[in-house]
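S.K.: Next up is a structure, given as structure tokens.
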Amino acid sequence: MKDDRTSPFRDAHTDRDSAEHVPDTPQSRAPAYRLAFADEDFLCRDELRPVRLQLELLKPQLMLDEQGIESTIVLFGGARIPAPADKDKARTQTLADLSRFYDETREFARLMTLKSMQGGGHEDVIVTGGGPGVMEAGNRGAIDAGGHSIGLNIVLPFEQAPNEYVTPELCFNFHYFAIRKMHFLMRAKAICVFPGGFGTMDELFEALTLIQTGRMQRVPFLLFGKEFWEKIINWDALADAGTISAEDLDLFRFVETAQEAMDLIENWETAPARDAIPGR
């Protein structure tokens, strides 16, 4: 590997390798002797949480920069939504019916990736949570178009592995939900939300809150499946109650198909971040 370093000092890799080949003595086996950055027990101490947060923010940032990723199209949605071919295995009839959104996700990701590749594949890159269901469909659609896509996985108490369609060089794993959420939105040029559960709604409302409060620039924000979302959330009741403003309902649009979403994103009127919250 070419050494592009400009520093005259020995690099960390060299010293780490050298430290592994010292004579085996009680002193060299002692935890205190380990190099701090090569000592996993030390790095996992509670006092090192700020360092781990920084590392988890920095590693994907550097690797995405190295891959030339400039902007992303964010896909949120349920892990339990099956592909239409597997809808007979769904836990509920509703999940079986929602399987059509697997195909819409896949088609949307395919169309968006084709558009991205026309510009070199550095902008409008699909990013998902890297898991099954809608996430799998998004990464799969990018593969259909012959392009790449990002997966932002999270370590869970139960088994969770990246789906097979995530581009390996763009497949990340997180411990901290907060840092993962930052990486979802840091490069976002559009946010598309498909039917889902707690996790999807958490991501939906956090992103909407950032836009509502002016902490994030307004981007195309699309909810796939109006019937689902209006059944789950009484948006008008929130506005009627005054807990949100009527203008807040204009921050997002409902869509049903991949092509409808593509058309809306293409014709979305860009707007700066809010400098005030309506109704306050």
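S.K.: Among the residues of the stretch 227-280, write down those that are within 22 Å of ALA96 (Cα to Cα) and in contact with an Asp or Glu (Cβ under 7 Å, 6 or more places away or on another chain). Working first, answer last.
M.R.: From the stretch 227-280, those within 22 Å of ALA96 (Cα to Cα) are 227-233, 254-258; that's our starting set.
Of everything in the stretch 227-280, those that are within 22 Å of ALA96 (Cα to Cα) and in contact with an Asp or Glu (Cβ under 7 Å, 6 or more places away or on another chain) turn out to be THR257, ALA258.
S.K.: Next question, about the same structure. Considering only the stretch 190-227, state which residues are surrounded by fewer than 19 Cβ atoms within 10 Å (Cβ to Cβ) and either under 18 Å from GLY133 (Cα atoms) or in contact (Cβ under 8 Å) with a residue 60 or more places away in the chain (or both).
M.R.: GLY197, PHE198, GLY199, MET201, ASP202, THR213, GLY214
S.K.: Please specify each residue of the stretch 133-163 satisfying the condition of being of a type in the set (Asp, Glu) and free of Cβ contacts under 8 Å to residues at least 12 places away in the same chain.
M.R.: If the condition is that a residue be of a type in the set (Asp, Glu) and free of Cβ contacts under 8 Å to residues at least 12 places away in the same chain, then GLU159 is the only one that fits.
S.K.: Additional query: Could you please find all residues in the stretch 121-136 being among the aliphatic types (A, V, I, L, M) and over 17 Å from HIS183 (Cβ atoms)? So that I can check it myself, show each step before the final result.
M.R.: Of the residues in the stretch 121-136, the ones among the aliphatic types (A, V, I, L, M) are 125-127, 134-135.
Correct list: VAL134 only.
S.K.: Continuing with the same structure: Quick check on this structure: which one of ARG29, ARG16, ARG80, ARG49 is in the same structural domain as GLY119 (by TED's automatic domain parsing) and either surrounded by 13 or more Cβ atoms within 10 Å (Cβ to Cβ) or over 30 Å from ALA142 (Cβ atoms) (or both)?
M.R.: Being in the same structural domain as GLY119 (by TED's automatic domain parsing) and either surrounded by 13 or more Cβ atoms within 10 Å (Cβ to Cβ) or over 30 Å from ALA142 (Cβ atoms) (or both) holds for just one of ARG29, ARG16, ARG80, ARG49, which is ARG80.
S.K.: Sticking with this one: Residue check: is GLU260 in the same structural domain as GLU107 (by TED's automatic domain parsing), acidic (Asp, Glu), touching a residue at least 40 places away in the same chain (Cβ under 8 Å) and part of a helix (DSSP H, G or I)?
M.R.: no
S.K.: Provide a single number: the residues in the stretch 83-112 that are in a loop (DSSP other than H, G, I, E, B) and polar (S, T, N, Q).
M.R.: Qualifying residue count for the region: 2.
S.K.: Tell me which residues, restricted to the stretch 157-204, are in a loop (DSSP other than H, G, I, E, B) and under 14 Å from the mean Cα position of the chain (by Cα).
M.R.: Those that are in a loop (DSSP other than H, G, I, E, B) and under 14 Å from the mean Cα position of the chain (by Cα): PRO162, ASN163, VAL166, THR167, HIS175, TYR176, MET186, ARG187, PHE194.
S.K.: I've got another one for you. So which residues in the stretch 52-65 are of a type in the set (S, T, N, Q) and either surrounded by 15 or more Cβ atoms within 10 Å (Cβ to Cβ) or farther than 12 Å from TYR176 by Cα (or both)?
M.R.: GLN61
The values are calculated or read from the model by the stated rules, or taken from the named source; none is laboratory data. Being a predicted model, the structure only gives us computed values, none of them experimental. No Cβ is skipped: glycine too gets one built from the backbone with ideal geometry, and neighbour counts run over all protein chains shown.
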